[in-house]
Ligand SMILES: C[S@@+](CC[C@H](N)C(=O)[O-])C[C@H]1O[C@@H](n2cnc3c(N)ncnc32)[C@H](O)[C@@H]1O
């Protein structure tokens, strides 16, 4: 796999941070995601953006991330520049269409329970690891120096990836580490089922013994200070041999766990290879920037920007209009509920759980608002309302604010454009961090179909030079 060549030009990093500084007002209120009416966000747009965006019907606004090229000539120049720079400063998230996936062999239970998304992710990483092993074995054969690879799957969840790496034809020794009891229990149960199937098919107890020693799950929380020797001490003795080299893998390591992995890779003699795909950039300890180069640019990403980086244009574009409209309707309900709750409760300081109101409570704003009130009351029993809204009054408020529905949709879409620039900065900062510490081979590649799995930028690194 080859990287998109523009990622190697680190001189573009100051352009990215300057751009994000210039447009920070677009993402500053992303965090609670309820502030469109409360903070009058529409007024932050330059007049000419507002004038233009107000002329567009809803369907056209929602399809801008897909079809902006068709209407760019009609946009004011400043908006053209914004959109153009959002696209040129972002790493491509389009998976190489010529890459065919290698399917792993036989056991049905290996893919049991996987969603289509998980199956695609596991197939893609399996392909990457298979190709990489082929190259490694070829190289070592010629050096007469075959070193067996063991794999540590960081944040292994239900163990889908680890079990495929261990029980498919790759036959890697694999350790999965996760801090959740339920995930470790689930992973162990899956492993039992897979072994049962292997026993039935192979009908050989001798094989079983070897196979059983191929995969192990450990329940541990890896904090950001964990050292490689501490991590290795969690692993059963003799599982990883002196002669083994280690591949550290993380499929969707949340927030700072991705940076913990980078440090484990850098500090360990034994860990020679790294495959990591991050997610939930806003979770965990503050971890941005990691590299000296980005630190020198004197730019911090506030947590609202880290949250916005998790949005995906590819996923948005794959949605049907109704689904997009539903997303915007929820955003509208949240923003309107926020204003009304503030009118009712003088002490009200925001209700983050508005984001989590379920679909069956979103059939109308009235229903949604009832649910929001219930949540507020259960969380803040001592809070007393200074007024109440009748059903008619709620209807009037709803009609009044509905006139601004398209403005809210346009704000959402303009925010969406900048999300991949922020994600690019986070991923490139991690790449530069490895480069600065003399890792000879580092790539960032879009490894999954973005529509299926939007957090798809994978950092692949090796401590050996390519032959
Ligand atoms: C997004 S899930 C991905 C799970 C799995 N890799 C997959 O793709 O199916 C992230 C996993 O990392 C685990 N995790 C998060 N932070 C962790 C930490 N600091 N130490 C150990 N596990 C952690 C969570 O429990 C969760 O199972």
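Take the residues of the range 103-122 that are part of a helix (DSSP H, G or I) and within 13 Å of the ligand (Cβ to nearest atom): which is surrounded by the fewest Cβ atoms within 10 Å (Cβ to Cβ)?
Ranking the qualifying residues of the range 103-122, first place goes to 117.
Residues in the range 78-102 that are over 16 Å from residue 19 (Cβ atoms) and either assigned to a helix (DSSP H, G or I) or free of Cβ contacts under 8 Å to residues at least 60 places away in the same chain (or both): 97, 98, 100, 101, 102.
Please specify each residue of the range 36-55 satisfying the condition of being under 30 Å from residue 357 (Cα atoms) and surrounded by fewer than 19 Cβ atoms within 10 Å (Cβ to Cβ).
If the condition is that a residue be under 30 Å from residue 357 (Cα atoms) and surrounded by fewer than 19 Cβ atoms within 10 Å (Cβ to Cβ), then 38, 39, 40, 42, 43, 44, 54 are the ones that fit.
Can you find a residue that is part of a loop (DSSP other than H, G, I, E, B) and at pLDDT 95 or above anywhere in the range 399-421? Spell out how you get there, then give the answer.
Of the range 399-421, the ones part of a loop (DSSP other than H, G, I, E, B) are 403-404.
Remaining after also requiring at pLDDT 95 or above: 403-404.
There is at least one residue in the range 399-421 that is part of a loop (DSSP other than H, G, I, E, B) and at pLDDT 95 or above.
Does residue 116 meet the test of being in contact (Cβ under 8 Å) with a residue 40 or more places away in the chain and closer than 30 Å to residue 417 by Cα? First the steps, then the outcome.
Numbers: in contact (Cβ under 8 Å) with a residue 40 or more places away in the chain: yes; closer than 30 Å to residue 417 by Cα: yes.
Spelling it out, residue 116 is indeed in contact (Cβ under 8 Å) with a residue 40 or more places away in the chain and closer than 30 Å to residue 417 by Cα.
Right, residue 285: more than 30 Å from residue 67 (Cα to Cα) and in contact (Cβ under 8 Å) with a residue 60 or more places away in the chain or not? So residue 285 passes the test.
When each of 392, 363 is tested for being modelled with pLDDT of 90 or more and not in a strand (DSSP E or B), the lone residue that passes is 392.
Scanning the range 425-444 for any residue that is over 18 Å from residue 287 (Cβ atoms), in a helix (DSSP H, G or I) and in contact with a helix residue (DSSP H, G or I) (Cβ under 8 Å, 6 or more places away or on another chain) turns up nothing.
Can you find a residue that is part of a loop (DSSP other than H, G, I, E, B), surrounded by fewer than 17 Cβ atoms within 10 Å (Cβ to Cβ), more than 16 Å from the ligand (Cβ to nearest atom) and in contact (Cβ under 8 Å) with a residue 40 or more places away in the chain anywhere in the range 313-334? Reasoning before the result, please.
Start the filter on the range 313-334 by keeping residues that are part of a loop (DSSP other than H, G, I, E, B), which leaves 318-320.
If we keep only those that are surrounded by fewer than 17 Cβ atoms within 10 Å (Cβ to Cβ) as well, we get 318-320.
Imposing the further condition that a residue be more than 16 Å from the ligand (Cβ to nearest atom) reduces the set to 318-320.
This time we only want the ones that are in contact (Cβ under 8 Å) with a residue 40 or more places away in the chain, so: 318.
Yes, the conditions are met somewhere in the range 313-334.
Exactly one residue out of 396, 370 is more than 30 Å from residue 91 (Cβ to Cβ) and out of contact with any helix residue (DSSP H, G or I) (no Cβ under 9 Å at 6 or more places or on another chain): that is 396.
The values are calculated or read from the model by the stated rules, or taken from the named source; none is laboratory data. Predicted, not measured: the structure shown is a model, and the values here were computed from it. Don't worry about glycine lacking a Cβ; one is built from the backbone with ideal geometry, like all the others, and counts go over all protein chains shown.
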